[in-house]
1. Collect the residues in region 34-57 that are touching a helix residue (DSSP H, G or I) at 6+ places or on another chain (Cβ under 6 Å) and over 12 Å from residue 91 (Cβ atoms), keeping them in residue-number order.
2. Can you name the condition, by its number, that residue 72 falls short on among (1) more than 7 Å from the ligand (Cβ to nearest atom); (2) more than 14 Å from residue 105 (Cα to Cα); (3) in contact (Cβ under 8 Å) with a residue 60 or more places away in the chain?
3. Restricting to region 32-47, what's the tally of residues that are in a loop (DSSP other than H, G, I, E, B) and within 16 Å of residue 109 (Cα to Cα)?
4. Scanning region 48-67 for residues that are modelled with pLDDT of 95 or more, in a helix (DSSP H, G or I) and more than 9 Å from the ligand (Cβ to nearest atom), which turns out nearest to residue 108 (Cα to Cα)?
Ligand code: HEC
């Protein structure tokens, strides 16, 4: 039997890829929305969510769904916290997704040592 590399399958895959790219664009009409919201977190969690010394924990590269869930848990008082339960109250579910999307796409790692040694 001759192996048939089906052009239909290839076209379907390409269409699926295009469709998912389209969805991603539609979800964040303003590509900077997540980044702008995430900026409020970096004061404590470090530049791009890479914290210095792990306190508070680094959130760079954190799984998107895990972060969204944690933010909801903080907001709803399901997870005890010193700060985050207060901070999480200021956002909608949609904003949690934008923020989590942003951090999920940041490469994890510790903050680089600052130039100048301070
Ligand atoms: C004022 C400082 C501060 C700000 C601002 C802040 N955080 Fe936090 N974050 C903390 C602290 C401290 C903890 C540890 C839990 C606690 O005690 O509240 C924490 C914990 C977390 C955790 C849990 C991480 C883990 O691995 O358990 C997530 C997720 C998180 N923060 C996300 C965010 C996001 C997203 C924002 C911005 C919308 C944000 N934080 C803004 C201080 C802050």
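1. Selection gives 35, 49, 51, 56.
2. Failing condition for residue 72: (3).
3. 1
4. Selected residue: 64.
Per-residue answers, yes or no, for (1) assigned to a loop (DSSP other than H, G, I, E, B); (2) at pLDDT 95 or above:
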site	(1), (2)
72	no, yes
81	yes, yes
103	no, yes
116	yes, no
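The values are calculated or read from the model by the stated rules, or taken from the named source; none is laboratory data. Everything numeric here is computed off the predicted structure, so don't read it as measured data. A quick note on method: Cβ atoms are made from the backbone with ideal geometry, for glycine too, and the neighbour counts reach across all protein chains shown.
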